[in-house]
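Step one of this worksheet: look at the structure below.
The values are calculated or read from the model by the stated rules, or taken from the named source; none is laboratory data. As the structure is a prediction and not an experimental result, all values here were calculated from the model. Note: ideal-geometry Cβ built from the backbone for every residue, glycine included; neighbour counts use all protein chains shown.
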Amino acid sequence: MGSSSTNLLNVAIEHHRSGRLVEAERVYREILSREPNHADAMQLLGTLADQCGHHQQGVELISRAIQISPRPLAGWHNNLGEAHRKLKQFGEAEAAYRRAIKTDAKHAGAHNNLGLILQETGRTSEAVREFERALELQSDFAETHRNLATAFHRLSETKRALHHLRRAVQIRPSYAKAQHALGLLLHETGDHDGAI
């Protein structure tokens, strides 16, 4: 990769991180017009496409980037899994998350996302193990605490579900989904004062 492509990629990434998605897409495409097999730009363009709701395009671009890269990163497989998950292609998503974990066993996001797929496909006990592994790797992962609470609730383990919902809200007080779930579960258990 030439220095001008590296500079352009850095510009595109900054646009992407700052939410300037149109500008990021333009620069990713400029890089790919110069270097059609630029795996980093292709993977990031695929991730951007997925984020913008173009999930199939995301799958195609990220898959191609993984094919042409000598060493695709775990995050690439995780991003591919996310695009598949949004398309309800659960088998493909699970396979991508497992490849991410095989590439980097310490990728907390991939463990969390694999847990979501396992839960979605009725394998709640397996999902619990993945969520717990994600939390071993990143204990302040509020979304995983909420996901684990959902799994425990499905397994009728209310105390454990409450613990993880409280932890999610403690980590991120503005986390509305966790606050809502906590309120509902407290109401369900008869703790109406706590539910307010």
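Only residues that are more than 9 Å from Ala142 (Cβ to Cβ) and either touching a Gly at 6+ places or on another chain (Cβ under 8 Å) or not in a helix (DSSP H, G or I) (or both) were counted in region 158-178, giving 2.
One residue stands out in region 1-51 among those that are among the hydroxyl-bearing types (Ser, Thr, Tyr) and part of a helix (DSSP H, G or I): the one that is nearest to Gly75 (Cα to Cα), namely Thr47.
Cβ separations smaller than 8 Å between residues 6+ apart or across chains give the following pairs from region 112-131 residues that are hydroxyl-bearing (Ser, Thr, Tyr) to residues that are buried (at least 24 other Cβ atoms within 10 Å of the Cβ): Thr124/Ala151.
Taken together, the criteria place Thr158 among residues that are surrounded by fewer than 16 Cβ atoms within 10 Å (Cβ to Cβ), in contact (Cβ under 8 Å) with a residue 12 or more places away in the chain and among the polar types (S, T, N, Q). Checked against the criterion of being within 23 Å of the chain's Cα centre (by Cα) and surrounded by 15 or more Cβ atoms within 10 Å (Cβ to Cβ), the candidates Ala149, Ala176 yield just one match: Ala149. All of (1) within 17 Å of Ala93 (Cα to Cα); (2) surrounded by fewer than 20 Cβ atoms within 10 Å (Cβ to Cβ); (3) of a type in the set (D, E, K, R) hold for Asp50 with one exception: (2). The single residue among Val59, Val11 that is out of contact with any Gly (no Cβ under 6 Å at 6 or more places or on another chain), of a type in the set (A, V, I, L, M) and closer than 19 Å to Glu120 by Cβ turns out to be Val59. Looking only at residues of region 155-196 that are small (Gly, Ala, Ser) and over 22 Å from Thr124 (Cβ atoms), we find that the one that is modelled with the lowest pLDDT is Ala195.
Can you find a residue that is at pLDDT below 95, of a type outside the set (A, V, I, L, M) and in contact with a Ser or Thr (Cβ under 8 Å, 6 or more places away or on another chain) anywhere in region 83-105? Within region 83-105, none of the residues are at pLDDT below 95, of a type outside the set (A, V, I, L, M) and in contact with a Ser or Thr (Cβ under 8 Å, 6 or more places away or on another chain).
Of the helices (runs of 4 or more DSSP H) that lie entirely inside region 65-129, those containing 3 or more residues that are surrounded by 21 or more Cβ atoms within 10 Å (Cβ to Cβ) and of a type in the set (S, T, N, Q) span 108-120.
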